[in-house]
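Contents: one structure, followed by commentary.
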Amino acid sequence: MSYLIDPTTTKSWEKLKTHFTEIESTHLNELFKKEATRKEDFTLVLEQLEFDFSKNRISKQTLEYLIDLTNETGLEKAIEDLFKGKKINNTENRAVLHTALRDFTDEKINIDGEYIFPMIESARKQIADFSEQIISKKWKGYTGKPITDIVNIGIGGSDLGPQMIVEALDYYKNRLNTHFISNIDGDAVYKTLSNLNPETTLFIVVSKTFTTIETLTNATTCKNWFLEKASLVAIEKHFVAVSSNEKAVVAFGINKKNIFPMWNWVGGRFSMWGSVGLSISLAIGYENFEAFLQGANTADKHFKNTKYSKNIPVIMALLSVWYTNFFNTKAEVVLPYADSLNKLVSYLQQLFMESNGKSVDRNGNSISYQTGSVIFGSSGTNAQHSFMQHIHQGTQMIPADFIGFTESLYGNTKHHAILMANFYAQSQALQQGKSKEAVHLNMKFKGDLKEINNLLPFKVFEGNRPSNSFLFDKLTPYNLGMLIALYEHKVFTQGIIWNINSFDQFGVELGKEMAKNS
Ligand code: F6P
């Protein structure tokens, strides 16, 4: 591999260190004043997405140095290897091919002697056929009634993705109700089951390994609950599995023909584009699910084929590296201005923090520089009435991602105008802040003369706080697929620059072992 490079040993890293001292003392307002076309210069368009990164503490020179860093750390070769299915997950000796799950060409990728595209095609067909049968009521439960409720049992990558997407795309949903059981908390399991009828419920047990204690315990509880009313032969009408461990699924009692495949060349947190997305396909129909895959595929092609100065996920990653390693920021906040995207943050937490929470590089050496960030956030405007105070006036600089949509789904233009006014205002306030002079004038105008001396320092905002804005026309399956894939490629690019393997997760295994032994 030609990308086993400690980034701190590169020429561009040295240049960035010196350059940082210039940028650190420059206010974003100055940059906007000096550069009349800054907004246009730092905005990229990809189909329905406008990505505005002008409110970042960068100049054109910063970008050049950061792009040099990608060249010196071998990003181009790494991207090529990713898409070709090279075993870039070096600690587990596995390829990383979630991109293949949303590829509709017929690439000849061979993994360990098997062409994977026919396998992907056949899994897609299985998902499409099954979704059609359930939605159209052709598939009947053990007493002849159609299925009304779907329960996805899984955790981590086998839960967070489908749960987030099903909630986010609620507008597109059909007659089925979808539920998610993940936590080992029995109260949560019973709360879900208490509203369900075994005759009309379908359980999807999702576990790549089929050894995860939470999922197996929850699945067993659900099976026992089901068997209080139904007989063993009824299981095949009500239990299906998504897994790569066929033997364990069959041992659990699920019919072999009810297994949807997973493969070791797709990591759990990258898996909802395949069979793990079954609950998505059931909730919104296969056509919408495929639109979701197509959106992601558009982001893949953009990532693979676009020069880095115009490449959205590469820029996203570079900005994050710039803040993490030079400004020493520790956190990033994600703020979707759509209530239905509330679970996006939990999803991104796993994607970023399980992937890049590493302190040993690809060569097995301890790392001397910071990798990863704490990801947090929630939907706007709710966030504005909670933690945004910290982001506006706290002592830490926390780069923000604002995500918004110009059109509302249900057509309430009055609400949507207020929502979007807040979307624009927040990033503007973070950038511009409010100077002493402005506060003074404002208080004078309001007749607060007496209070000026007491309150003025508290009302001053320094501004100069960075953010990106992602603006789509509408929250559609296609656009959402694109957005998530852009974040995935951000994770990948960061991992290459930081010289870490973003695709293993040994850190979570230790706790699992200890819990088993206690
Ligand atoms: O928590 C660790 C983890 O391995 C995640 O990476 C994964 O998404 C989750 O557990 C679930 O694993 P499985 O699908 O094998 O049950």
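The table for this structure:
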item: With eigenvalues of the C-alpha gyration tensor scaled by 5 and rooted, region 28-81, Å; result: 26, 17, 7
item: For the chain, size of Cβ-based charge dipole, Lys and Arg +1, Asp and Glu -1, in debye; result: 540
item: Cα-based convex hull, the chain, per residue volume (Å³, whole number); result: 175
item: R0 of 22 Å, Cβ-Cβ distance Thr105-Gln349: FRET efficiency to nearest 0.05; result: 0.10
item: Segment Glu64-Thr306, length gained on full extension (0.36 nm per residue, minus Cα span); result: 85.6 nm
item: Average Cα contact separation per residue, region 408-518, under 8 Å, 6 or more apart, as relative contact order %; result: 25
item: Relative contact order of region 101-289, pairs being alpha-carbon contacts under 8 Å that are 6 or more residues apart, as %; result: 29
item: Two-decimal log10 I(q)/I(0) for region 101-289, as the Debye equation yields it once each C-alpha is a single scatterer, q = 0.11, 0.17 Å⁻¹; result: -0.45, -1.10
item: Low-density loop cleavage sites - trypsin sites (Lys or Arg not before Pro) in region 251-360, where at most 10 other Cβ are within 10 Å (DSSP); result: Lys307
item: Rounded FRET efficiency, nearest 0.05, which uses the C-beta distance separating Lys434 from Thr395 and R0 of 22 Å; result: 0.80
item: Length-normalised contact order of the chain in % [C-alpha pairs under 8 Å, at least 6 apart]; result: 20
item: Magnitude of the charge dipole, region 94-147, Cβ model with Lys/Arg +1 and Asp/Glu -1, debye to 20; result: 500
item: Estimated dipole of region 333-486 in Debye, rounded to 20 [Cβ of Lys and Arg +1, of Asp and Glu -1, Cα centre]; result: 320
item: Net length gained if the chain between Lys256 and Glu407 were fully extended (0.36 nm per residue, minus Cα distance); result: 49.9 nm
item: Overall dimensions of region 75-193 as given by Cα atoms, namely Rg and Dmax in Å; result: 18.6, 57
item: Of Ser243, Ser379, Asn89, farthest towards positive along the dipole that unit charges on Lys, Arg, Asp, Glu beta carbons give the chain; result: Ser379
item: Per-residue Cβ neighbour rank within 10 angstrom, fewest leading, Tyr308, Tyr424, Tyr65; result: Tyr424, Tyr308, Tyr65
item: Förster radius 56 Å - calculated FRET efficiency between Leu455 and Gln294, Cβ distance, rounded to 0.05; result: 0.55
item: Cα centroid of region 377-407 to Cα centroid of region 432-464, whole Å; result: 22
item: For Val242, residues with placed amide H under 5 Å, excluding near neighbours; result: Val205, Val206, Ser207, Phe260
item: Kyte-Doolittle mean at least 0.0 and Cα axial length at least 24 Å: DSSP H helices in the chain; result: 116-135, 477-497
item: Radius 14 Å from Cβ of Glu30, net charge of other residues (Lys, Arg +1; Asp, Glu -1); result: +1
item: The chain - mean residue ellipticity at 222 nm from DSSP helices (-39,500 (n - 2.57) per run, n ≥ 4, rounded to 500); result: -14000 deg cm²/dmol
item: Above-threshold pairs, the threshold being 24 Å between Cα atoms, out of Lys125/Lys343; Lys223/Lys247; Lys15/Lys307; result: Lys125/Lys343
item: Spherically averaged projected area in nm², based on the convex hull that wraps the Cα atoms of region 255-385; result: 11.7
item: Potential lengthening between Gln370 and Lys77 on full extension [0.36 nm per residue; Cα-Cα distance subtracted]; result: 103.1 nm
item: Approximate spin-label separation Ala515-Thr18, in nm, with each point projected 7 Å along Cα-to-Cβ; result: 5.1
item: Rounded to whole Hz, the Karplus (6.51, -1.76, 1.60) HN-Hα couplings of region 38-55, x for glycine and proline; result: 4, 4, 5, 4, 10, 10, 10, 10, 10, 6, 7, 9, 10, 9, 9, 10, 5, 8
item: Neighbour-count order for Asp504, Asp339, Asp401, Asp112, fewest beta carbons within 10 angstrom listed first; result: Asp112, Asp339, Asp504, Asp401
item: Residue exposure sequence - Val189, Val250 - by fewest surrounding Cβ within 10 Å; result: Val250, Val189
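Readers should treat all values here as calculations from the given coordinates under stated rules, not as data from a laboratory. Quick caveat, the model's predicted, so the values are computed rather than measured. Note that we place each Cβ from the backbone using ideal geometry, even for glycine, and neighbour counts take in every protein chain shown.
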